Structure formats: structure tokens, C-alpha cells
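Have a look at the structure below, then the notes.
Nothing in this text is a laboratory measurement; each read-out follows from the coordinates by a stated rule. These figures come from a predicted structure and were not determined experimentally. Heads up, the Cβs are rebuilt from the backbone with ideal geometry, glycines too, and the neighbour counts pull from every protein chain shown.
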Amino acid sequence: MMAFVSRACVLLVACLVLLAAPRGAWAQDAFAEAAAGLAGSFDDKIAAIDKLAALGDPRAVPLLQALSDGNLLVHEGDNKLAIERDKTAYDAVTNQKLGPSDAGYDTARVNNRVRGVLRGALGRLQLASPDRAQRLAAAIDVFKTRSIDNLPIIQGALARESDPEIRAQLQVSLGATQLLSDKPEDRLAGVKALAGSSDPDVRAMLVQERQSPNVDPKVAAALDAAMGAMDSRLAMLNLVQTVFQGLSLGSVLLLAAMGLAITFGVMGVINMAHGEMVMLGAYTTFVTQQVFRAWLPAASEYSLLVSIPAAFVVTGFLGILLERCLIRFLYGRPLETLLMTWGLSMILQQVVRSLFGPTNREVASPSWMTGAVPLGDAVTITLNRVWIIVFGLLVLAIIVLVTRATTFGLHMRAVTQNRKIASTMGIRTAMVDAFTFGLGSGIAGMAGVALSQIDNVSPNLGQSYIIDSFMVVVFGGVGNLWGTLVGAFLLGIVNKFLEPYSGAVLGKIFVLVAIIIFIQRRPRGLFALRGRAVET
Amino acid sequence: MAAATNAARERAPVLLVLMGLALALLVAVPILNTLPEDSPYRLSDFSVVLIGKYLCYAMLALSIDLVWGYCGVLSLGHGAFFALGGYAMGMYLMRSIGTRGVYRDPILPDFMVFLNWKQLPWYWYGFDHFAFAAIMVVVVPGLLALAFGWLAFRSRITGVYFSIITQALTFALLLAFFRNDMGFGGNNGLTDFKDLLGFPLNTGATRRGIYVASLVGLVGTYLVCRRITRSKLGRVLIAIRDAESRVRFLGYSVTAYKLFVFTLSAMLAGIAGALYVPQVGIINPSEFSPANSIEAVIWVAVGGRGALYGAVIGAFAVNGAKTWLTTSVPELWLFVLGGLFIAVTLFLPRGLIGLIGLGGGAPRGLGLDRLLPRLSVPKVPKPRRGDG
């Protein structure tokens, strides 16, 4: 039916253009008659627009659009209407070329009143358009310029419409329009239709309606119920959003802290250069990307996948090197290890600064990581953050697997529990130390790959995470990966919940103070190790 | 132990002569500054301010040495106490600008007028009196250290845990002071000072005056620290450093001793900050940055912890090197500083004074491994030859 009408219209317009039929032949046409009013006064224009809209002729859309855009011309002599395109005037009814637009034409003027009527009329006309995007835009439009006159048109459009998204928007628009009705039952229906929306504009509309004088008690009750339902749904969505942001921040903290949980928790080494390992991982990602761009441009989408093992190897190897050359001399002297690794971090930062420059480096996100998933009207979830959460959990699973199910993990745990006996049993403890430190550093490097996707890759990237990661490890309980997991997500979520009330900075301060007080109660963190090993 | 003390006593005259010489040099600085412009021995105003700054750094180093070198409490947040003392002094200097500010408001400092504040916040009251500000210089850092130390020491947070938490403390303060609505000038801090006690800050005489005050402050701090460390109290502190649990089992209240020395040290750091601010003419949140605090720790480590003059020597040596390097080869400075951290911890556990055989105050090896009796550190026999 629709297709037939539109095809007929196209045919009609085509005929007009091809035949260039004399104007007189169409003078009786209701459309041309109504359109002529657009050349008159503002009142004439409004009357003409209403008539055109009531006719439902698709030819009216470009005409009214031209009026709205200021492209409708009126000939000074005979008041003939023309539409201006590329400085050329075309006849408004026949679409015939009339010559240059600056030859004796005036722009048809509109005022705010006309503009309001015009917008509604356009919306109504476009609701019948064959173009899906135009119909959707129109459905939104009739919501914005509410008018009770639109009611039958929206109802008609809703009856015809089959696209679910446009239908949903039309329902909202219908409800919003019904609110304007005099009849309480219409308004009641409107409120019910709107209760399903979570658009803040709709909520504002309902609030306004509720506050208006002499509201029908039934309608008032329905309004209250609708607002209640909407508020709880919005709160729910906000909660989901906040929890997601918290999980996202938590996964970043988890990635940064996992390596620390190994070097600090398992080995007792305070590695202040841990943040720099993260930073080096991010720079490895950058270098891998540049290498792919230079030699394998076709596969550069997947350079990120390659950079994960690359970062692990680079930072892990560096970790082993540092352990062998420096850190092993300071075992059992944690305060001095702390100072020395701080010095290391300064040197590493300065090296990177002189190699890559002090400015941020750009690491592109591959297309399969970009984009967002909308969740209701108000909430979107970005894909790269979802990937980072998944990645963080994956890395945690791998570490748990390595410590629980491999020979190296067994040796690592044995050395942690009792170095002397482990050594007596033939475990090469020095090797285990080196590889444990390498593992911790390598994980930091992988964290750097993830961070390169959401943060600036600069020499001080690691600095911003080091204190937070230490807090996670201390909070979760040293030497306990589950503690690190729970600590990271808890801190992330608490941070994000505090943010709306206190701002990001104050939220962070609250969290720091809370941890300091928390440690009062449980000096060994959330999940304290028990037994004699603690007291050594 | 007794042998070490005897050895120190035998070296005492040498030490006294050296210290007297150093003091004489420091006293000479403002005198040389008063010489006529064309004299070859004249020290520039710049040098007076520079050495004055070093004096303040040395005071900060002393305060760190008192808690770290003698009591084994490594605070990575002493810069916070220094900065708080500095802010207290800065607030006085801000109030004494009066109507000479850009906006000519008799009461509100410029930045408050700029932020469209109508009233002075309550915590700025009283800072128009020097005496009040001077009290606040010690009271504010002291109270913070008292509260923080009480919380930490009571639950026996020791070693690296304490270090990390103090670092978090100064980091939290850094973030807080960056906020404009804290009422401390936000990012820009407090600056554009005009005069101190009515003396204009930009004259040579005032600079010399502040220099002398700093020198007196340093000598005073040194004498206070010396008095404490030589007393019976000092012996208990060293005992806590070397074997905390044993001291506790002997019936001493370790918490009270630590709390006392930590609070005192914070107050000394506050005074150092207060003397520092009128010399540099600005105090801003970057003074709270954890890097500053840890850099101050390295002065002590380089000089030699556990000996008071070691801290002073370290502060002068490292900052002298910093001034020289950052002007001649700026890109090298961070390498040198980082290298210092590594070299000192690995090769010079007793610092420069250990190198020249003066480290009588510090017991050999310092027993740092014993400072962390409660951390789950794998106990490793220190020379790990033949391991595995």
C-alpha cells in the first residue's frame, strides 16, 4: 500500500517534470491551491501549512522543508512560489527550473509562531514518509513539538508502522501528546504509555504535568506511579552503570596489582618500579603497533594480540635481569629494596623519556575493541572496557593456574613457605626467585598493554597506578591473589560510587583514609594469611 | 656496642673541629653577602637564598633521621609535614599582603577574590598574627602526626606497611590541596608574598635575616635531636629500631616512644617548611608529592642514617649536586638521582660518613632486616652464597 502510494507519487512528480505541464492545468489541484497561501501573511502561512499537512501529500515535505530552511522564494511580481537550490529557483509545485534565484525573488519569511506550526506539520507529514530514518526523526520531532492536533496523525502512523524502534518512539510521542488532552481517560492512557520510558525529558514532562493546577486525582495517582516506576528504573540503570564503571576501574587496578601481589606478596619485595614495568608494557604495545604498521599493514588490526606476549617477554626478561643484578642483594631488607627500586623507576622513566620523548604516544584501538553497547536510553557500555575486564580475569585465571598446577608454581609456593627445606629438597631457590620476579614483572607488562587502550601512553603512566596498586595489595591481604581480586574490585566500585557525591578527587581521598582506618582493624588486610608463616 | 661508643668518643675532637669549621662557613655566608658589589669574595643574593634553602632541607633531613635512623620508622610522607608548616607560614604571608594584592581586598587573598569568595574561611582566622601562624607551624603537622601515628603504631603497623601508608597520606594531601575549594589557592598555591613581620622580602637584609633564622633553626634542631638521641630515651629508640618485640616484652610502651618521636619529628619538619617558604616565595601542592618525600629520605641515606651530622651532610651533598647538575646537564639529573638510590642502598648502607669512617653512631649493618618482624618476608641468610 505504502509502496504503491509512494511509487505513484514519484511517477506523478516525474510526469510533472517531464511534461512540464502548463500551470493552469494544475490550478485546480488542492495541493497547489493550499501551497499558494505560503506566499501570504503569517496567518495565511499558518492556514496554508495546516491545509498542506491535512492533505498528506508527500510533495509538501520538500516545500515545507524549504520554508523552514529559508529556501522558499516568493516572486516579487506574481507571488509565485519557488524553491532555491544552488542559487537556482525551481517552481515549488512543478519543480520546473525557473532561472537564477536572485532575479526578482524574495525569501518567504517566517516568525516563531509559523516555525512552531511548521515543525509540527513537517513531523506529521514525515511520519508517512517511506524513508525509515525520516520517519524516526519525525516520531522524535512530534514528541518535541507536542500538539494535541497531532493526536489522530500519530495514532494513524502507529497503526501503519511496523518498525519496532519507530513504534516505541511513537508510543512515547503518543503518550506525550495524550497528556495534552482535555479528556482524563486520554491523559491516563498517556501517562501509562510514558511510564515505560526512561528518558529524562519524559520524566521532566511528567513532573511538570503533576505540578500543574487542578490535576484529576486519578491522573495524579497514575502520574505518581509512573514517576515512581521511572525513577526506580533510572536508579537501576545508574546502579548498573556505576557498578560497571567500578568493575572497569577495578579490573585496571587488578591488572596493575596482580604483579605486585606476586613480587610483594609472595616474595616480600617492595617493587616501586612496578609502575614502570606497566609503562614499559604500554610502550611495547606502541612499538609493536609501529612495527606492524611499517611491515605488516594488513594485519595491524591484530598487533594488540601480538603485543600481549611481547610485553610479557620484554618486561619479564627485564624483571629477571633486575632480580639477578640488583634486587637479590637486598633480600630481607625491604626498606632498602623500596628505596633502590624507587631509584630504578626514576632511571627507567628517564630512559623512556629520552628514547620516546616526553609527550604522549598514540596507541590505536583495533576496530573489534571499539564501540559501545547501549543499555537502555541513558546508559552505554564501552566495549574496550569490557575487554579489559575480561582480560584482567583471564590473567588472574592464568596466574592461579600457574601457581596451583605447574611445577614452577609448586616450587614457588615451597620457597615462599620454607626456603631452607625447599632448598634441601633440591629446588634451586635462586632460580625460582628470579623467575617469580620475572613473572610478576611480565604481568605488569601485560597490564600495560591493557592500559594503553584507555590511558595516555607517557613516561609517567606507571606513577599514577603505583600507590593505588599498593593500596589494593595491602587492603586485600599480602600474598593472597583472591584478596587482590576482591580488593581491586571493591576499591574500584567504592571509588565510582563515591564519585557522584564528592567528586573524583575527594572520593579518592576518602578511599585512602578508609583504607588507613581499615588497616587499624585488620592489619593484615581482608584475607589474612594465618599460621606461623606470618610471624617470621 | 660499648666498643663502638668508645671509638666514637675518641674521634669526637676531630668531629668537633670539622663541625665547627662547617658552622663557621655557614655563618660566613651572610657576612660575605654584605661585602661591596665589586669585592671578589662577595656572595650573591642568589647564593644566600640557595644555601638558606639547603639549611631548611638539612632540617627536614634531620627530622627524618630522627625517626628513621634512630627509631627505624621510615616515613615516606615527611614532605607532607614540611609542606603543612610551609602552608601555615604562607597563610601568614598571604594575610600580611593586605591591600597590596592585585584586587586590593584588605582581607581576602587574591585567589579568593578571583574565585568570587565573599568571606574568609574560618581556618584562615588568626593567620594575620605572626605568633598564631608560628604556633600553627608546629601544631598542625604535630597534630596530624599524632593522630596518624597513633592509628598506625597502636595497631603495630611497621616497616614497609608504614612507609606505604605515609606515602598514601602525602598523596591524599597532594590531591586535596590541588582542589580550589579547599581554600589554599589550589594548583597555584600561595605566592606573591610582600613582607614578613613588616620587612620587605625582596631586600638583601631580610634575606640575610631569614638565612640567619634558618641557620639558628638548623643548629637548634641539631641540638634538640642530639639531646634526645644521647638521652636514655634515645637508647630506647635505638633498641626499638634493632629489636622492637624485645623492647615491648621488656615492658616499654613502644607505641608511646614511637608516637613521641614521630610527632616531634613532624613538628621539626613543619618548622623547616615554614623557614623555607619565605625564601622561595611560593608554596604549592607539588610540595606534597610523594617523590619529594622520598627524595628527602635519600638525602639521609646518602649522608648516613643513624648519625645526625650524616643527615645534614647528605642534604647538602645531594642538593648541591642537584643544583649543579640541573643547571649544567639537566637530562642527567634523574639518572644520577636514581643511580644514587641504587648505589647507596647496595654499596653504601652507612652513607657518606660510613665511607670516611665517621659512622660511629650507626651500628654495623644497621639491622634493617630486623625492623620488619611482622612481615611475611622469606628470611634469607644475608650472604647467600652456595644457595641452591
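Normalising by residue count, the stretch A:237-535 has a Cα convex hull of 145 Å³ per residue. Among the residues of B:337-349, the average count of other protein chain beta-carbon atoms within 10 Å of the residue beta-carbon is 6.
Compactness ratio for the stretch A:276-357: Cα radius of gyration over 2.2 N^0.38 Å (N = residue count) comes to 1.33. To the nearest Å, what is the center-to-center distance of the stretch A:315-346 and the stretch A:243-259, using C-alpha atoms only? First find each Cα centre; the distance between them is then 26 Å. Taking the centroid of alpha carbons for each part, the stretch B:129-183 and the stretch A:38-61 are 74 Å apart.
Computed per residue of chain A from DSSP H runs no shorter than four, each worth -39500 (n - 2.57), the mean residue ellipticity at 222 nm is -22500 deg cm²/dmol.
Show me A:35-44, B:62-71, B:284-293 ranked by packing, highest mean number of other Cβ atoms within 10 Å first.
My ranking of the peptides, most packed first, is B:62-71, B:284-293, A:35-44.
With a cut-off of 15 Å between beta carbons, the residues surrounding residue B:148 carry a summed charge of +3, where Lys and Arg count +1 and Asp and Glu -1.
Only Cα sites of the stretch A:239-284 enter the Debye sum here, all with the same form factor; the resulting log10 I(q)/I(0) across q = 0.19, 0.21, 0.29 1/Å is -0.67, -0.75, -0.98, listed in q order. Counting every C-alpha pair in the protein assembly as shown, the share spaced more than 39 angstrom apart comes to 58%. Mean projection of the Cα convex hull over all viewing directions, computed for chain A: 36.8 nm². The residue list A:200, A:75, A:49 was ranked by how far each Cα lies along the charge dipole of the stretch A:2-203 toward its positive end, using unit charges on Cβ atoms, and A:200 comes out on top.
Rounded to the nearest 20, the size of the Cβ-charge dipole of chain A about its Cα centre is 2400 debye, with Lys and Arg at +1 and Asp and Glu at -1. Electrostatic bookkeeping for residue A:71 treats Lys and Arg as +1 and Asp and Glu as -1; over the other residues with beta carbon under 9 Å from its beta carbon, the sum is -1.
Computed from backbone phi, the HN-Hα couplings of the stretch A:192-197 come to 5, 5, 7, 4, x, 8 Hz, rounded to whole numbers (Karplus: 6.51 cos²θ - 1.76 cosθ + 1.60, θ = phi - 60°; Gly and Pro given as x).
Projecting the Cα atoms of A:505, A:63, A:103 onto the charge dipole of chain A, computed from C-beta unit charges around the Cα centre, puts A:505 farthest toward the positive end. The protection proxy used here, the mean number of other Cβ atoms lying within 10 Å of each residue, ranks peptides A:253-261, B:204-212 as follows, highest first: A:253-261, B:204-212.
Listed peptides B:246-254, B:323-331 appear in the order B:246-254, B:323-331 once ranked by packing, highest mean of other Cβ atoms within 10 Å at the front. Mean partner shielding of peptide B:324-334, defined as the number of other chain Cβ atoms within 10 Å of each residue Cβ, is 1. Rounded to the nearest 20 debye, the dipole magnitude of the protein assembly as shown is 4760 debye, with +1 charges on Lys and Arg beta carbons, -1 on Asp and Glu beta carbons, and the Cα centre as origin. Based on Cα contacts under 8 Å between residues 6+ apart, chain A shows a relative contact order of 15 percent.
Considering only Cα-Cα distances, which of the following residue pairs are longer than 26 Å: A:51/A:192; A:51/A:218; A:80/A:144; B:53/B:194; A:508/B:118? The answer is A:51/A:192; A:51/A:218; A:80/A:144; A:508/B:118. Of the three principal axes defined by the Cα atoms of the stretch B:72-158, the extents in descending order read 51, 26, 20 Å. For the stretch B:45-203, the pair-distance distribution built from all alpha carbon pairs, in bins 5 Å wide starting at 0, is 2, 8, 14, 19, 18, 15, 12, 7, 4, 2, 0 percent.
Only the Cβ atoms of Lys and Arg (+1) and of Asp and Glu (-1) were treated as charged; on that basis the dipole of chain B about its Cα centre amounts to roughly 1620 debye.
With viscosity 0.890 mPa s and temperature 25 °C, the Kirkwood radius over alpha carbon pairs of chain B converts through Stokes-Einstein to a diffusion coefficient of 111 µm²/s. Note on the stretch A:388-459 and the stretch B:281-302: Cα centroid distance 33 Å, given to the nearest whole angstrom. Helix-only arithmetic for chain B: the sum of -39500 (n - 2.57) across DSSP H runs with n ≥ 4, divided by the residue total, places the mean residue ellipticity at 222 nm at -22000 deg cm²/dmol.
Note on B:162-168: average number of Cβ atoms from other chains within 10 Å of each residue's Cβ is 6. Across the stretch A:2-203, Cα-Cα pairs more than 32 Å apart make up 22 percent of the total. Charge tally around residue B:211: other residues with Cβ under 12 Å, Lys/Arg +1 each, Asp/Glu -1 each, net +2.
Dipole orientation for chain B: of the candidates B:103, B:199, B:78, B:78 has the Cα lying most toward the positive pole (charges on Cβ; Lys, Arg +1; Asp, Glu -1).
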